[in-house]
Amino acid sequence: MTGRGDLADTRADASPDGPAPTLLRRGLWWAGDYAYAVRQQLGVLAPPWAIGRPRPTPAAWHRGDAERPEIYLLPGVYEHWTFLRPLGDALAQAGHRVRVLHGLGVNRRGIAETADRLARLLERRPAPAAGRVLVAHSKGGLIGKHVLVTTGAAARAAAAAAGGDDPAEAASTASLTGDRPLGLLGMVAVATPFGGSRLAGLFIDPSIRAFRPRNATIVMLGRETSVNGRIVSVFGPFDPHIPEGSALDGATNVRVPTPGHFRVLGSATTQRAVVEGVARLAQPSAD
C-alpha cells in the first residue's frame, strides 16, 4: 500500500529532515516525554469509591456513524486504555464508535495471549458492516499485528477489496488462512517497536524484555509481512524507547513532528494522522 500526500507518508528508509538533533535536544525531548507519561499515569488514579470497577469510556465514544469503521484501542505495556484517550476523542469527533478491551489492567500479559483474548472478544460481537480498525500504541501495535497475522483477517479484507465476492472462494480463503469473522480492515499503530528494541535487554522485567529484537514473537511478526499493507505506522522524529524506529516495510509510514514515545499521543498532528489513517484503511482503493 503506497502512501498519500495528505497522510504525510514517508518511505521506510526515509531520513529525517535537517541535521540530527543534538544530545541536549534529545535530553529535553526525553524529559518532556516522561513528564507527559507521569501526568497520564496520575490521571488513571481512581477515587476510593471507584477502585476495582472498570473506568467507563466517554459517552461520546458509543455514538457514531454506522457507515464508519468501529475502532478498538490497544494501549502499550504498563498503560491503561486512558493513555489513548486523546486518540479516542479525536476518532469519536470524526464520527467513529470507539471501544476498549476491558480487563487488561496495565497490559503486562504476553503479546500472543492478549491477541487471542482480543480475537475472542471480537468473535463474540457481530462485526459491523463498515468493519473494524485497531488503533494501537507501542506494544498494542504488536498485539494488533499478531491478531491480523494469526486470524488472516487482513488478507481476507484485502481480497474482498480487490473484488472477490464469491462466497465459496471466501470460505476457501478463510479455511486456508485460519480467518475468523472479525471484520478487521487493518490497524493504525503509533510508536510501535515492530522490529523490537535493543534497549529491552537492559531490563529484568519479562514484560519489557519481550521487546528484544531476538524474542521469538518479535521475530515471527517480523517475518510475517503479508499484513503490512494493511498497517499505518505513525511515529515522531525521536523515540527514546525505540532507537530502531517504528517504520515498517510495506506499510504506510507517517512521520509527525512531535518527538517522544508517549507525548506523541497528545499531538494534534498525530491525532489527525490517525483519523486519516483509519479513513485510508476503510477505502477499498487503498491497496
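One table, with the values for the structure above:
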{"item": "Residues ARG125 and ASP249, FRET efficiency given R0 of 30 Å [Cβ-Cβ distance, rounded to 0.05]", "result": "0.40"}
{"item": "Difference of contour (0.36 nm per residue) and Cα-Cα distance, SER226 to HIS62", "result": "55.8 nm"}
{"item": "LEU184, LEU101, LEU118 arranged by Cβ crowding within 10 Å, fewest neighbours leading", "result": "LEU101, LEU118, LEU184"}
{"item": "Summed residue charge, Cβ within 11 Å of ARG132's Cβ, Lys/Arg positive, Asp/Glu negative", "result": "+3"}
{"item": "Using θ = phi - 60° and Karplus 6.51 cos²θ - 1.76 cosθ + 1.60, couplings along region 74-89 (whole Hz; Gly, Pro as x)", "result": "10, x, x, 5, 6, 10, 7, 4, 5, 4, 9, 4, x, 6, x, 5"}
{"item": "Table column - 3J(HN,Hα) (Hz), region 270-279, Karplus curve with 6.51, -1.76, 1.60, x for Gly and Pro", "result": "4, 4, 5, 5, 5, 4, 5, x, 5, 4"}
{"item": "Dimensionless Rg/Rh of region 196-239 - Kirkwood Rh, Rg from C-alpha atoms", "result": "1.04"}
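Read-outs throughout are calculated quantities, based only on the coordinates presented, and are distinct from any laboratory measurement. Everything quoted here is computed from the prediction, not taken from an experiment. Note that we place each Cβ from the backbone using ideal geometry, even for glycine, and neighbour counts take in every protein chain shown.
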